[in-house]
1. Looking at SER66 and the list (1) in contact (Cβ under 8 Å) with a residue 12 or more places away in the chain; (2) closer than 13 Å to ALA136 by Cα, which single condition is not satisfied?
2. Only one of (1) more than 27 Å from ASN23 (Cβ to Cβ); (2) of a type in the set (S, T, N, Q); (3) within 18 Å of the chain's Cα centre (by Cα); (4) loosely packed, with under 11 Cβ neighbours inside 10 Å fails for THR131. Which number is that?
3. Is it the case that the stretch 124-145 has a residue that's of a type in the set (D, E, K, R) and within 21 Å of LEU28 (Cβ to Cβ)?
4. If ALA108 passes every condition in (1) within 30 Å of PHE141 (Cα to Cα); (2) at pLDDT below 90 but one, which one does it miss?
5. Take the residues in the stretch 87-98 that are under 24 Å from GLY37 (Cα atoms) and surrounded by fewer than 21 Cβ atoms within 10 Å (Cβ to Cβ); name whichever of them is farthest from the chain's Cα centre (by Cα).
6. Across the stretch 18-34, what is the total count of residues that are in contact with a Gly (Cβ under 8 Å, 6 or more places away or on another chain) and surrounded by 15 or more Cβ atoms within 10 Å (Cβ to Cβ)?
7. Just to be sure, is ALA117 touching a helix residue (DSSP H, G or I) at 6+ places or on another chain (Cβ under 7 Å), small (Gly, Ala, Ser) and within 19 Å of TRP77 (Cβ to Cβ)?
8. If I filter the stretch 45-64 for residues that are exposed (fewer than 15 other Cβ atoms within 10 Å of the Cβ), outside the structural domain of GLU140 (by TED's automatic domain parsing) and under 30 Å from ILE130 (Cβ atoms), do I get at least one hit?
Amino acid sequence: MPYQRISGSLSTPRVAVMIDMGNPFLNLTVDGFLKIGTVAAARAAAEEAYYVVKRGSISRHTVEHSLKKMCKEAAYWGTVAGVYVGMEYGAERIRGTRDWKNAMLGGALTGAIISSACEKGRDKIVVGAITGGAIATAAEFLNYLT
């Protein structure tokens, strides 16, 4: 059953939407998809707004192109985030501990999965796994610093 909660303050605006799918793995995956997908759509909208202002004109074609770009970016980055969050959670459940190694494993698995879906060749899949693991591990270490 869906559950929504929206809260905010003047110092740090915050909007939280929780969808209960009945399974923590699915909950986290959908949450990651929605959060990062929203960020990607907002980034694409800001970029398209900049180009509209730069050109000085707007047309129906421009609006349609912008909406398609927003949806495409949101779907792509939301999918990547959902896969990553799911892989990290899965690593945590399998290993029975919560540490930076889960981020590394989740990032590596996500990089390999996304690379295998997008690219051809074993070398690109390995590079995607290494890159995903490195980025996720670095992000996790940066979170520990703050």
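The values are calculated or read from the model by the stated rules, or taken from the named source; none is laboratory data. Note that the structure is a prediction, hence the values are computed from the model and not measured. Don't worry about glycine lacking a Cβ; one is built from the backbone with ideal geometry, like all the others, and counts go over all protein chains shown.
1. (2)
2. Evaluating THR131 over (1) more than 27 Å from ASN23 (Cβ to Cβ); (2) of a type in the set (S, T, N, Q); (3) within 18 Å of the chain's Cα centre (by Cα); (4) loosely packed, with under 11 Cβ neighbours inside 10 Å leaves (4) as the failure.
3. There is at least one residue in the stretch 124-145 that is of a type in the set (D, E, K, R) and within 21 Å of LEU28 (Cβ to Cβ).
4. (2)
5. Out of the qualifying residues, it is GLU92.
6. Residues in the stretch 18-34 being in contact with a Gly (Cβ under 8 Å, 6 or more places away or on another chain) and surrounded by 15 or more Cβ atoms within 10 Å (Cβ to Cβ): 6 in total.
7. no
8. Yes: the stretch 45-64 contains one or more residues that are exposed (fewer than 15 other Cβ atoms within 10 Å of the Cβ), outside the structural domain of GLU140 (by TED's automatic domain parsing) and under 30 Å from ILE130 (Cβ atoms).
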